[in-house]
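The values are calculated or read from the model by the stated rules, or taken from the named source; none is laboratory data. Note that the structure is predicted; figures quoted are calculated from it, not measured. All Cβ positions, glycine included, derive from the backbone under ideal geometry; neighbour counts span all protein chains shown.
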Amino acid sequence: MNTETLLQKLGARYACKKFDNTKQIPEATWSALEEAVRLAPSSFGLQPWKFIVVKDKALRATLRQHSWDQSQVETASHLVVIATRTSMSEKEVQAHLENIAQTRSVPLEALKDYAGMMNGFISAYGANSDAVRSWTAKQGYIALGFLLESAAMLDIDTCPMEGFDAAQYNELLGLNHSGFTATVVCAVGYRAADDGFAQAKKVRFSKEQVIEYR
């Protein structure tokens, strides 16, 4: 991909306000998007998230009632709820270390210092603190960014949404007592032909206003 194509696709991306509910993302394409979001980076590589793809139509209709009646929740091809951990502990660190050891064929003992660094970070904030929940939520938004950009590269539309009742989502999705909470939602699909926002000029501050060299 050249720079011109990159900027064209990013320029065409917008928060889709109206999806064409007759169009579904092909299975192979959706599988690629799932892999893209799985490959998103996170602090320490801890991946404190879960991606819930809501397929049940009745459930999506109910979720819409707790999403400021935003039609995208119900009409997009796919709906993704990015849930992030409400706490972190040595248990999650250990699971990550074991995954590293297995994937890279290295002994756990060789990761001792890395383990200490991660556990020290968590202990400094408190395993169940607001600071840790804020940190995990930020990781979720990194994953959201990967999903938005990857979809744009494939000419697929998205609409990230914070306008929803997280408590209701947690209840309906069975997240209560799971160690996760709904953090941000993203509708994914194809824009409707009559979505007036599709042709609206993108509003951004100039490079001179937002980019500085020091």
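Going through the range 191-214 one residue at a time, which ones are part of a loop (DSSP other than H, G, I, E, B) and buried (at least 19 other Cβ atoms within 10 Å of the Cβ)? Passing the criteria: only 192. For the range 102-127, a residue qualifies if it is surrounded by 12 or more Cβ atoms within 10 Å (Cβ to Cβ) and either among the aromatic types (Phe, Trp, Tyr) or not in a helix (DSSP H, G or I) (or both), and the qualifying residues are 106, 114, 121, 125, 126, 127. Going through the range 35-85 one residue at a time, which ones are assigned to a loop (DSSP other than H, G, I, E, B), out of contact with any Lys or Arg (no Cβ under 6 Å at 6 or more places or on another chain) and either over 18 Å from residue 158 (Cα atoms) or at pLDDT below 95 (or both)? 39, 41, 42, 46, 47, 56, 66 - these are the residues of the range 35-85 that are assigned to a loop (DSSP other than H, G, I, E, B), out of contact with any Lys or Arg (no Cβ under 6 Å at 6 or more places or on another chain) and either over 18 Å from residue 158 (Cα atoms) or at pLDDT below 95 (or both). Of the residues making up the range 38-61, just one is surrounded by fewer than 15 Cβ atoms within 10 Å (Cβ to Cβ) and of a type in the set (S, T, N, Q), namely 43.
Of the residues making up the range 79-91, those that are surrounded by fewer than 20 Cβ atoms within 10 Å (Cβ to Cβ) and of a type outside the set (Ser, Thr, Tyr) are 90, 91. Only a single item in (1) touching an Asp or Glu at 6+ places or on another chain (Cβ under 8 Å); (2) more than 21 Å from residue 19 (Cβ to Cβ) is not met by residue 133, and it is number (1). Anything in the range 36-61 that is of a type in the set (Ser, Thr, Tyr) and under 18 Å from residue 181 (Cα atoms)? List them, or say none. Passing the criteria: only 42. Do we have residue 134 as loosely packed, with under 14 Cβ neighbours inside 10 Å, more than 17 Å from residue 179 (Cβ to Cβ) and polar (S, T, N, Q) here? It is false that residue 134 is loosely packed, with under 14 Cβ neighbours inside 10 Å, more than 17 Å from residue 179 (Cβ to Cβ) and polar (S, T, N, Q).
Any residue in the range 162-178 that's farther than 24 Å from residue 17 by Cα and aromatic (Phe, Trp, Tyr): show its pairings with residues that are part of a helix (DSSP H, G or I) and at pLDDT 95 or above at Cβ separation under 9 Å, as long as the two are six or more apart or on different chains. Sorted first by the residue in the range 162-178, then by its partner, the list stays empty. Beta carbons closer than 8 Å, at least 6 apart along the sequence or on distinct chains, pair a first residue in the range 11-34 that is in the same structural domain as residue 77 (by TED's automatic domain parsing) with a second that is exposed (fewer than 14 other Cβ atoms within 10 Å of the Cβ) and among the acidic types (Asp, Glu) for 12/155; 18/194. Restricting 86, 62, 29 to residues that are hydroxyl-bearing (Ser, Thr, Tyr) and more than 19 Å from the chain's Cα centre (by Cα) narrows the list to 62. The listed residues are 113, 155, 130, 165, and the only one of them that is among the charged types (D, E, K, R) and modelled with pLDDT under 95 turns out to be 130.
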